[in-house]
2 protein chains.
Amino acid sequence: MRIAIDGMGGDRAPGVIVEGAVAAAREFGEDIIIVGDEYSIGLELKKYKPSPSNITVKHAPTVVEMHEAATASIRRKKDSSINVGVELMKKGEADAFISAGNTGAVVCSAVFNLGLLPGIERPGIAVVFPTLFGFSLLIDVGANINPTSEHLLQYAVMGDSYSKYILNKPNPTVGLLNVGAEETKGTDFVKQSRSLLKESGLNFIGNVEGRDIFTGKTDVIVCDGFVGNVVLKVSESLADAIKTLLKNELTKSKITKFGAFLSKSAFKALAKETDYSEYGGAPLLGLNGRCFISHGRSSAKAIKNAIRVAAEFMSHRINEHITEGIKRYSAERKE
Amino acid sequence: MRIAIDGMGGDRAPGVIVEGAVAAAREFGEDIIIVGDEYSIGLELKKYKPSPSNITVKHAPTVVEMHEAATASIRRKKDSSINVGVELMKKGEADAFISAGNTGAVVCSAVFNLGLLPGIERPGIAVVFPTLFGFSLLIDVGANINPTSEHLLQYAVMGDSYSKYILNKPNPTVGLLNVGAEETKGTDFVKQSRSLLKESGLNFIGNVEGRDIFTGKTDVIVCDGFVGNVVLKVSESLADAIKTLLKNELTKSKITKFGAFLSKSAFKALAKETDYSEYGGAPLLGLNGRCFISHGRSSAKAIKNAIRVAAEFMSHRINEHITEGIKRYSAERKE
């Protein structure tokens, strides 16, 4: 497999990207193409001796910055690392593309260049996150902030396939994010989505509330991209805030510091248990291709794992499963 | 002041409600009317000797259960503790009403019986929550899941008044919850709300993202009730999940247990810093009256503080400030 990665995307690019790519090249043996400024990527690569022979660099002279409009990738900056990377897939020179850069620009370039799978009207970004009982999947977290109920149904089908084959859940449960568990609750949009999901043949368990997300009540949670984006960012920053406050308190006295030292292994275990970098890249599902969005703050480990997940996505033929799923559920609904 | 409280609402009613009411009656000296089943409230009251003379009981034979429809309070169960409590205010026999019961039923009964302030089209539930730097206010967290941009503007004005006089912030900043900081981001609804807020004369700082909520970037965050409800519930459950996971890890070995024991004061300080019970009741703002919604899991301390906040709401004449605010900002917009 040939996996392209945006060498310029993310807070600590290209250093961390190259580090993760080298680790993946050594561990998984995939062919990796790092896309971006040849010179600075080359400098980073030189740090690794011997530099893995299964890594190549594809030059792209510009970068879509984080504050730029999503359309920059397909208008002013067609020669950006994002657009050049996506085009590699279009030309059949890469099987997947990963970027920790401007999410909107990745979505825009990917949809424009690759198009969508049959039966899919909008792509969705799916994020795997830790719960009290293993990992769950939230879709969509921001590709589509104004979806229809049909889009939500498509997200559910896509989330089902991803959960089955990447998260190894044979019959994933699907929940619809709402303000209450009862059928009468929610906006018209949510109620309509609920009816569609109920008839879909998926393992739909009904509405789930914000409080159910981290208990692991359901394997797949479907929501519009506005709410999903807010949920993702709130959760991340709340976890960070709790960490910061706890650290401040723990370092206030010598006794609490010593206590924290003794409890170190517990904190480490917790960090590991809740380590989202295990699934380092969020797939842009529904795409006629394979694109993964990594966190801007990704570590080298997260990048390495994103490459692993991209390879699994390919070998488990997720897109074919999605296409079959869409066909099957549409057929069932027509019966 | 005469403050009515729903004796039957909440997971541990009437015990915890009576306990909080007794503490408030002793500490603040307000007249408190506990509404609900006379017999069971009486049994609880007997536990306190001497039972404070400024507590009376108003009998209400039924209870709106948590799973019941919001309209139950004004249809089948007009004699419920919620509706009887709200009616006390309508008849001028109470100045405020607090309930830890069915939120929808409280909103429904309050709007039906008391109506709204001039210029307010929908009430909003405002929640005070801890951040890295003090407390902030989120409005709306579920009274209105399908608001217009005008409603959001009204929420901003109400949040501004509440922040000024209850949270003691002289010139509170107001942010609009969105998926990105840039003006171009968000749904049409959010963009339109942004324009209204920009012209409002409020101390509006623009869009804020999910990640800004817990950093305390802004004093008031305005959003639709669907998103707000999800944010509130996600945050609560994530904080609980982290606590649970950490506790599990800390109790796994004798060393980590001992470490946790030494660090106890840090955990306690953190718990205190993030103790939402300090502002025990979420006001239903915009109401031509004073209603407060307490968490179903409220402790006696939270109930006591809700009574304190209700009294402050009254003495700081929040409703008059809201009415003035609405007039002022409407006038400024017309100029």
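Read the figures in this text as sums done on the coordinates, not as results from a lab. Not measured: the values here are computed from a predicted model. Reconstructed Cβ throughout: ideal geometry from the backbone, glycine too, with neighbour counts over all protein chains shown.
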Problem set entry | All Cα pairs of chain A, percent lying beyond 24 Å | 56
Exercise. Looking only at B:Glu249, B:Glu312, B:Glu182, which one moves most when chain B is put into a Gaussian network model with springs between Cα atoms under 10 Å?
Worked result: B:Glu249
For this session: Provide the FRET efficiency to the nearest 0.05 for the A:Arg75-B:Lys327 pair, computing r from the beta carbons and using R0 = 56 Å.
Result: 0.75
For this session: At 10 °C and 1.306 mPa s, grab the translational diffusion coefficient of the stretch B:40-126 from Stokes-Einstein with a Kirkwood Rh over Cα pairs, rounded to a whole number in µm² per second.
Result: 112
Exercise. For the protein assembly as shown, what proportion of DSSP beta bridges, expressed in % and rounded to the nearest 5, is antiparallel?
Worked result: 30
Exercise. Under a Cβ-Cβ cut-off of 13 Å, what is the net charge of the residues other than A:Asn144 that fall near it, where Lys and Arg count +1 and Asp and Glu count -1?
Worked result: -3
Seminar exercise, completed: By the C-alpha gyration tensor axes a ≥ b ≥ c (rounded if a/c is under 1.5, else prolate when a/b exceeds b/c, else oblate), the shape of the stretch B:281-323 is oblate
For this session: Mind jotting down the distance between the C-alpha centroids of the stretch A:1-76 and the stretch B:49-98, whole Å?
Result: 64
Problem set entry | Estimated distance in nm for a label pair at A:Glu183 and B:Asp31, the labels positioned 7 Å out from Cα along Cα-to-Cβ | 4.7
Exercise. Among bridges DSSP assigns within chain A, what percent are antiparallel (round to 5)?
Worked result: 30
Problem set entry | Links that overshoot a 25 Å alpha carbon limit, given the list B:Lys233/B:Lys264; A:Lys233/A:Lys304; A:Lys252/B:Lys169; A:Lys77/A:Lys301; A:Lys243/B:Lys185 | B:Lys233/B:Lys264; A:Lys252/B:Lys169; A:Lys77/A:Lys301; A:Lys243/B:Lys185
Seminar exercise, completed: In terms of the alpha carbon gyration tensor, root eigenvalues a ≥ b ≥ c, rounded if a/c is under 1.5 and otherwise prolate when a/b exceeds b/c or oblate, the stretch B:145-189 is oblate
For this session: Pull out a ≥ b ≥ c, the square roots of the eigenvalues of the alpha-carbon gyration tensor of the stretch A:104-189, then state rounded if a/c is under 1.5, prolate if not and a/b is larger than b/c, and oblate in the remaining case.
Result: oblate
For this session: Please give the FRET efficiency for B:Tyr39 paired with B:Asp11, using the beta carbon to beta carbon distance and R0 = 22 Å, rounded to the nearest 0.05.
Result: 0.65
For this session: Could you check which residue among B:Ile41, B:Ile205, B:Ile318 shows the biggest mean-square fluctuation in a GNM of chain B with a 10 Å Cα cutoff?
Result: B:Ile205
Seminar exercise, completed: Restricting to Cα pairs under 8 Å and 6 or more apart, the percent relative contact order of the stretch A:31-131 works out to 24
For this session: In whole Hz, with x marking every Gly and Pro, tabulate ³J(HN,Hα) for the stretch B:283-289 from phi via Karplus 6.51 cos²θ - 1.76 cosθ + 1.60, θ = phi - 60°.
Result: x, 8, 7, x, 6, 7, x
Seminar exercise, completed: If every Lys and Arg gets +1 and every Asp and Glu gets -1 at its Cβ, then about the Cα centre the protein assembly as shown yields a dipole, in debye to the nearest 20, of 1680
Exercise. Can you give the translational diffusion coefficient of the stretch A:156-290 in µm²/s, computed by Stokes-Einstein from the Kirkwood radius over Cα pairs at 10 °C and 1.306 mPa s?
Worked result: 91
For this session: Output the direction-averaged projected area (hull surface divided by four) of the convex hull of the alpha-carbon atoms of the protein assembly as shown, in nm².
Result: 32.3
Seminar exercise, completed: Expressed to one decimal in nm², the mean projection of the alpha carbon convex hull of the stretch B:1-95 is 5.8
Exercise. Tally Lys and Arg at +1 and Asp and Glu at -1 over the other residues with C-beta under 13 Å from the C-beta of A:Val16: what net charge comes out?
Worked result: +1
Seminar exercise, completed: The local net charge around A:Thr62, scoring Lys/Arg +1 and Asp/Glu -1 for residues other than A:Thr62 whose Cβ lies under 13 Å from its Cβ, equals -2
For this session: Would you mind giving the average projected area, over all directions, of the Cα convex hull of the stretch A:102-151 in nm² with one decimal?
Result: 4.6
For this session: Please report how far the C-alpha centroid of the stretch B:203-262 lies from that of the stretch A:296-316, rounded to the nearest whole angstrom.
Result: 27
For this session: State the extension gain, in nm to one decimal, for the chain segment bounded by B:Lys272 and B:Lys247, taking 0.36 nm per residue of separation less the distance between their alpha-carbons.
Result: 7.3 nm
